[in-house]
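J.: Before I ask anything, let me first share the structure, which is written out below as structure tokens.
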Amino acid sequence: MSERAAEYLLRVKGRDMGFRNIQYKGKVLTIHKAVTQPHFDEKTVLVTDTWDYVDLWLKRKKLAKARFYWGQARSFYDATETLSKTARPLTAYYCFLNATKALLLAKGEKFSDAHGVTGYTAAGKTSLSNEIVKFKTGGILPALCRHLGEPASNTTYSLKDLLYNLAYIHRAFDLTYHSSPELFVPIGDPRIVRSNHTHEAWFIAELTEKYASQNTVNRLPSAFEREQGEQDHYLVRLRHRFSWRPQQKPASLRRYQNYHRRIRRHVHYICGPQRLWYIKRNNNIDGHILRSQMTITFAAMHKLSELSRYAPDALASHFDCQHNWLLSEFLETAPLQFIDEISSEMTGREFMIPGRASR
């Protein structure tokens, strides 16, 4: 629907909400999988997987070294699918490591060969809380953190908390640890709107079904509030605004790219045949980690790979505990999610399975 037609329908219904959707190149401007340099003006890439597309993209860019690491990542990815649960973390981690190197090289980021993450197992019973992961200040993971605008500091987390902060396995986490509060709130129709009266623009999304309440809004980060301009739907918006001037679209789009990074600090997606977006709750919950899924997934898989290499019997014992399904879900879904996020971040494009994505 065109912007003019949408405005007409609003007038017919007799309710001026005070804002309108921003249309860019024939579609509503929304959020993007890429964090730092999203290409909002390009169509979604329809592929069954992203390996070949990114390989050709690197070839066209003449990034031979990055392309080599991307090929290594793909080999480890393929190997991972054939291995047992106790062996799978090792090849999955080296897939992530090489894919991250390819990203950093493609973006011109400096990094050392150190992995930038370490850990240990605390004394006590077999527990994800006793598997400790430490983010370091130098190496590949810290370079990824800096690229995404996250702190690269000596910070320690438990493996349980890392897994808690991943939207794509959050249902499995909730079913495993019933006492932990739900951390992710699903949103629908995320988009960018602008005022009918000024040049202000902002992010807006809908809370649906059981989440459509002020109680949910109160649990969101303080950067969000309820949008009062629409009564038929329960909308939330980002308090911060940016300037959108229709007559200066290239400059406005650059301003939105900077604004978009602010959105993606709190909004995460699940890779699949549909676009599924979630706002992570505020940080007054034990175990909350304000980092991207990419850095958290990298660190969590590193810990499991250490166990796979140096203490496979200890890793096997984790699959005899209540959290065995959670670990299985992580090992099954993390490679697809991580590579989808890295592919988007590297190329600035969005990828979807053919036949299910909107153009």
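The values are calculated or read from the model by the stated rules, or taken from the named source; none is laboratory data. None of the values given here were measured: they were computed from a predicted structure. As a convention, Cβ positions derive from the backbone with ideal geometry for all residues, glycine included, and neighbour counts pool all protein chains shown. We work out accessible area using only protein heavy atoms, side chains counted, and drop any ligands, DNA or RNA first. Shrake-Rupley method; radii C 1.70, N 1.55, O 1.52, S 1.80 Å.
Each row is one residue, and each column tells you yes or no for (1) at pLDDT 95 or above; (2) open to solvent by less than 10 Å² (accessible area, probe 1.4 Å).
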{"residue": "220", "(1), (2)": "yes, yes"}
{"residue": "257", "(1), (2)": "no, no"}
{"residue": "260", "(1), (2)": "yes, yes"}
{"residue": "288", "(1), (2)": "yes, no"}
{"residue": "292", "(1), (2)": "yes, no"}
{"residue": "299", "(1), (2)": "yes, yes"}
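J.: Still on this structure, please answer the following. Looking only at segment 272-286, which residues are within 19 Å of residue 223 (Cα to Cα) and either hydroxyl-bearing (Ser, Thr, Tyr) or open to solvent by less than 50 Å² (accessible area, probe 1.4 Å) (or both)? Walk me through it before giving the result.
T.: Let us first name the residues in segment 272-286 that are within 19 Å of residue 223 (Cα to Cα), namely 277-285.
Of everything in segment 272-286, those that are within 19 Å of residue 223 (Cα to Cα) and either hydroxyl-bearing (Ser, Thr, Tyr) or open to solvent by less than 50 Å² (accessible area, probe 1.4 Å) (or both) turn out to be 277, 278, 279, 280, 281, 282, 285.
J.: Could you list all residues from segment 276-300 that are over 21 Å from residue 129 (Cβ atoms) and either more than 14 Å from the chain's Cα centre (by Cα) or free of Cβ contacts under 8 Å to residues at least 40 places away in the same chain (or both)? Write out each step before concluding.
T.: So in segment 276-300, the residues over 21 Å from residue 129 (Cβ atoms) come out as 276-279, 282, 292, 294.
Scanning segment 276-300 gives a single hit, 282.
J.: Which ones in segment 319-337 are out of contact with any strand residue (DSSP E or B) (no Cβ under 8 Å at 6 or more places or on another chain), part of a helix (DSSP H, G or I) and closer than 18 Å to residue 173 by Cα? Step through it out loud before you land on a result.
T.: Our first condition is that a residue be out of contact with any strand residue (DSSP E or B) (no Cβ under 8 Å at 6 or more places or on another chain); within segment 319-337, this holds for 319-336.
Now drop any that are not part of a helix (DSSP H, G or I), which leaves 324-336.
Answer for segment 319-337, where residues must be out of contact with any strand residue (DSSP E or B) (no Cβ under 8 Å at 6 or more places or on another chain), part of a helix (DSSP H, G or I) and closer than 18 Å to residue 173 by Cα: 324, 325, 326, 327, 328, 329, 330, 331, 332, 333, 334, 335.
J.: Taking the options 36, 82, name whichever one is part of a loop (DSSP other than H, G, I, E, B) and over 23 Å from residue 248 (Cβ atoms). If you could, list the steps in order and put the result at the bottom.
T.: Working: 36 fails: over 23 Å from residue 248 (Cβ atoms).
None of the others qualify; the one that does is 82.
J.: If you go through segment 34-72 one residue at a time, how many are under 14 Å from residue 105 (Cα atoms) and hydroxyl-bearing (Ser, Thr, Tyr)?
T.: Residues that pass the stated criteria total 1.
J.: Which of the residues spanning segment 194-210 are in contact (Cβ under 8 Å) with a residue 12 or more places away in the chain and open to solvent by 30 Å² or more (accessible area, probe 1.4 Å)?
T.: Within segment 194-210, the first condition is being in contact (Cβ under 8 Å) with a residue 12 or more places away in the chain, and the residues that meet it are 194-197, 199-208.
Within segment 194-210, 194, 196, 197, 199, 200, 206, 208 meet the criteria.
J.: Select from segment 120-174 the residues that are assigned to a loop (DSSP other than H, G, I, E, B) and within 20 Å of residue 310 (Cα to Cα) and write down the one among them that is most open to solvent (accessible area, probe 1.4 Å). Full working, then the answer.
T.: Just the residues of segment 120-174 that are assigned to a loop (DSSP other than H, G, I, E, B), to begin with: 122-127, 136-139, 148-154, 165-166.
Retained after the next criterion (residues that are within 20 Å of residue 310 (Cα to Cα)): 122-127.
Working: 122: 33, 123: 100, 124: 68, 125: 163, 126: 61, 127: 23 Å².
My answer is 125.
J.: Which residues, counting only those in segment 175-193, are open to solvent by less than 40 Å² (accessible area, probe 1.4 Å) and either closer than 29 Å to residue 235 by Cα or part of a helix (DSSP H, G or I) (or both)?
T.: Keep residues of segment 175-193 that are open to solvent by less than 40 Å² (accessible area, probe 1.4 Å), which gives 176-177, 180, 183-188, 190-193.
The answer is 176, 180, 183, 184, 185, 186, 187, 188, 190, 191, 192, 193.
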